Amino acid sequence: MNTGSSILDARPVASEEISWIEEGMRGVGFFSTLARAQLREVLPYMLMLRYAKGALICVEGDPGDAMYLIYHGGVVITKKGWREPVARLKDGDFFGEMALLFGEPRSATVATDEETEVFCLAAEDFRRIVARSPDMTLTLRALAETRRRELAQS
Ligand code: CMP
């Protein structure tokens, strides 16, 4: 999970963040695919990481050891051989799921384009949750397949 010097802060998710997500974020991005009970299961396993602007969170070709949900901030996804960024993601979006779901190296590089706070779910916790949440897994997998097709278009 790239524990380099660009991490400004790492700590467990605070209870007010759990409430905030439950109340405010359930309609957004990744969170909308989760029932409240599933959300409650996932959040205690997550770490909150705060990255400086310009930090590399995932590097194309590296093994995948975590997935991430953006709390506040923004990232840019780039891939070797692409002249333009693949995508830009913001609050409520998630990334890093492809390597974990497909058992492949990171498909692209993910860098912050401003100071960014993310919830980080380690691969082993991700696998445990995936094994227990077939609906969430199907939704994640469908999105990951779409992203993979987009990457194949270069
Ligand atoms: P992963 O391959 O683990 O690491 C790089 C991440 O970039 C990848 O998971 C996705 O989360 C993200 N990503 C790759 N392609 C796209 C895309 N086309 N749109 C949005 N995000 C993407």
Note to self: From the mean inverse distance of alpha carbon pairs (Kirkwood) and the Cα radius of gyration, derive Rg over Rh for region 7-143.
What the structure shows: 0.94
Checklist line | Dipole magnitude of the chain, debye to nearest 20 (Cβ charges: Lys/Arg +1, Asp/Glu -1, about Cα centre) | finding: 420
Checklist line | Cross-link reach list, aspartates and glutamates versus Lys79, counting only Cα pairs under 12 Å and skipping chain neighbours closer than eight places | finding: Glu60, Glu150
Item checked: Pair Gln153, Asp91: separation of 7 Å Cα→Cβ label points (nm) -> 2.8
Checklist line | Potential extension, Asp113-Glu145 segment - 0.36 nm per residue separation minus Cα distance | finding: 9.0 nm
Note to self: Leaving out ligands, DNA and RNA, and with a 1.4 Å probe, what % of the accessible surface on region 7-143 is carbon or sulfur?
What the structure shows: 52
Notebook entry, point to check: Dividing the convex hull volume of the alpha carbon atoms of region 113-154 by its residue count, what do you get in Å³ per residue?
Noted result: 106
Notebook entry, point to check: Accessible area per residue, 1.4 Å probe, Å², for the chain: what's the number?
Noted result: 50
Margin query: Quick check on packing: order 40-53, 7-20 by the mean number of other C-beta atoms within 10 Å, highest mean leading.
Written below: 40-53, 7-20
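The values are calculated or read from the model by the stated rules, or taken from the named source; none is laboratory data. Predicted model, so just to flag it, every value in this text is computed and none were measured. With ideal geometry, Cβ positions are generated from the backbone for all residues, glycine too; neighbour counts draw on all protein chains shown. Note: accessible area is taken over every heavy atom of the protein model, side chains too, but ligands, DNA and RNA are not part of it. Shrake-Rupley method; radii C 1.70, N 1.55, O 1.52, S 1.80 Å.
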